[in-house]
Every structure is written in C-alpha cells, then in structure tokens.
Amino acid sequence: MAEIKVNKFVYGRLQSPNLDQAEEFLTSFGMMRAERTATKLFMRGTDPEQFLHATELGEAKPLAFGYFARSEDDLKALTKVPGATGIENVDEPGGGKRVCLTDPNGFRIEVLHGQAKAKPLPMPEYKVNWAEDKFRRTELMRLPKGPAMVKCAGHGVITTTDLKKTLQWYRDTLGFISSDDIYVEKKENVIASFNRINNGPEYVDHHVFFALQSAKSGLNHISYESRDIDSIFIGHNVMKAKGYRHTWGIGRHILGSQVFDYWYDPWNRVHEHWADSDVLNEAAGSKLLTPEEAFNNQWGPDIPQEFLGHTVPFQ
C-alpha cells in the first residue's frame, strides 16, 4: 500500500553557475520567466502552474523533482517516511506547503500541496484539425515562428545502480504504477521501467517517471510538453539557430508514442520537448518487453548510445 498517490509532476529543480545563461537557454526552449532573485530563477509554461523549472545558483548538478499531493493529509503521511522533513512553508512562487524526501539514490523529492494557481498564458493561435478533409480547411496554413512554447512538465528520468530498490521506493512512497517494464534475457531481470500516476479510472500520460539500471545514479533528462509536432519542429529550428547542442530527435517513440526532441543545456543536462502522449488509466495494467521492442521508434533516428548512457550524477 502506497504512502500516498501524487497526482502531478510539477517541476524539475537544477543548480547552475550562471542564471543569465540558464534563463537564455530556457527561454529559447520555450519557457517564460515567472520570478527571479539573486540566487534563484523560476520559469513557467502556458498552463496554470506557477513554475515548471527552478534553477538555483551554484555548482551545476541536479537537485530535485517536484510533485503535487492531493491533500495536506497526504503531506502528513509523508512525514513518517524515513528521512522525510516535516511540513514546510514554501517561500517560492505560489507558496503552499511541502515535504522533502530522499530517494534511494540520494536524490531529493519535493511533494507540495496548496500552491496557488497562476493565470494560464495563451499559446500562439493557429487553426489545425488533421481529421478534417483538407478541402474543408479554407484558412491558409501559416504557423507562427518562435520557440516550441512549453505547456507543463511531462516526466523525469533517472539512472540508478539499484533499479529494484528505486522502483519499490517510488511505487510504495508516491503511488506510481508500472506502464512498461523492460527486461533482458529473463523476465525477472528488469533493466528499465516506465511508471505513471495512479488516478484510478482517470486517464493520465503513459509515464511520469522512468528509471534505468546503470553503473551510476543520476539525472538522464527532464521532459516538457509542447502543443504538437509543428511546435516541436519550429522550436527545433530556434534551438539549432542559437547553437545549442542536440542529442536525439525529432522522432516518435513506441512506448508512450510521444513525438520527441532532446537538447543539452549549457551544463550537459538534457531537456526534452514532447507532444501527443498515449494515455492510460489504472485498468490498463503493465506490459513486459525486451529492449528491441521498447527502444525502437515508430519513425525518426535511432537512439544514440550517448543518450542512452547519459547520466549527470546526483552528488
């Protein structure tokens, strides 16, 4: 029985040595400044969360993932998890309260409740309905130029030296359920796992958390949702023109079915644009697949070994 069932992945939190460079990258990536101080930068998307990316000034490293709890009672339950903090007041955009946990890899997990909503921001408008007969769409297709504007946080991906222990912790503590587990040779030899939020009969994205067995524990990437494939292609051109380093994409995954595009920030942390995820509910269950079934694309370039083995250590 899980301690609680979180209901949303809200943000990634990183530490970076230069907030100007961080903001320039994230703005080009499609985020907007929510708030900035001398030591912290908060960036938001068009959805009503106060921020989806937090940057703290300091030596470059991953700091935390943030999730929403369903109630303050859930925060109280989490204070009983070994190593958890008490309930803290949050002095960041939107306020609220939180409990901080440490996963088996030494990575911080922040669970929040009561954060005030922000006002949603409009995306550039264009009318597209791919299901309609093209002769019924009489408006000319002229897409706005600019970054692939980000809506919200999508998922976080880590590597770990102890996958079994890590998965058990996230499922027992935060209520995640498996969407797809990937094995090598024997079905009990699981080497990677896609996990989703458990909202019962409500449909949710295919995964909110992915973990991969590795020689080192660290951050592989953080994913952010954009609107659609057009937005991702246009944003790709913006990132390329600005000279940012690309790692993989554009393509469409098999597991989750998302259209994807991956970029390094100035300190080697990977940020993903994605759109058009499969959605599952609790009744969808879990599948067990081989790497050959799981890691191929429906279309797009093959996964580079550089990306598959990418890890930015937690410590």
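Quick note: the coordinates plus some simple rules give every number you see, no bench work behind them. Computed from a prediction, not measured in an experiment: that's the story for all the values here. Note that we place each Cβ from the backbone using ideal geometry, even for glycine, and neighbour counts take in every protein chain shown.
Just rank 186, 151, fewest to most, by other beta-carbon atoms within 10 angstrom. Before the final figure, lay out the partial values.
Numbers: 186 7, 151 20.
The fewest-first ordering by Cβ neighbours comes to 186, 151.
Quick check: residue separation of residue 288 and residue 85 times 0.36 nm, minus the Cα distance between them. What number comes out in nm?
My answer for the length gained is 69.5 nm.
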For the chain, what class follows from the C-alpha gyration tensor (a ≥ b ≥ c being the square roots of its eigenvalues): rounded when a/c is under 1.5, otherwise prolate if a/b is larger than b/c, else oblate?
rounded
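Among 248, 299, which comes first, then next, by fewest other beta-carbon atoms within 10 Å? Walk me through the intermediate numbers first.
Numbers: 248 22, 299 9.
Sorted ascending by nearby Cβ count, the order is 299, 248.
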Derived scalar couplings ³J(HN,Hα) [the range 5-17; Karplus, 6.51 cos²θ - 1.76 cosθ + 1.60; whole Hz; x for Gly, Pro]
10, 4, 10, 6, 8, 10, 7, x, 10, 10, 10, 9, x
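If R₀ is 25 angstrom, what is the calculated FRET efficiency for the pair residue 47 and residue 185, using the beta carbon separation as r and rounding to 0.05?
Numbers: r = 42 Å, r/R0 = 1.67.
The value I calculate is 0.05.
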Net charge (Lys, Arg +1; Asp, Glu -1) of residues whose beta-carbon lies under 15 Å from that of residue 232, residue 232 excluded, is -1
Most mobile listed residue (300, 218, 243) in the chain, GNM with C-alpha springs under 10 Å
243
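Using Cα pairs closer than 8 Å and at least 6 residues apart in sequence, work out the relative contact order for the range 42-196, in percent.
Working: 207 pairs, mean separation 32.9, N = 155.
Reported relative contact order: 21 percent.
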Listed with the fewest Cβ neighbours within 10 Å leading, 226, 257 appear as 257, 226
Set the bar at 19 Å for Cα to Cα. Now go through 117/145; 40/119; 8/240; 187/287 and name every pair that lies beyond it.
117/145; 40/119; 8/240
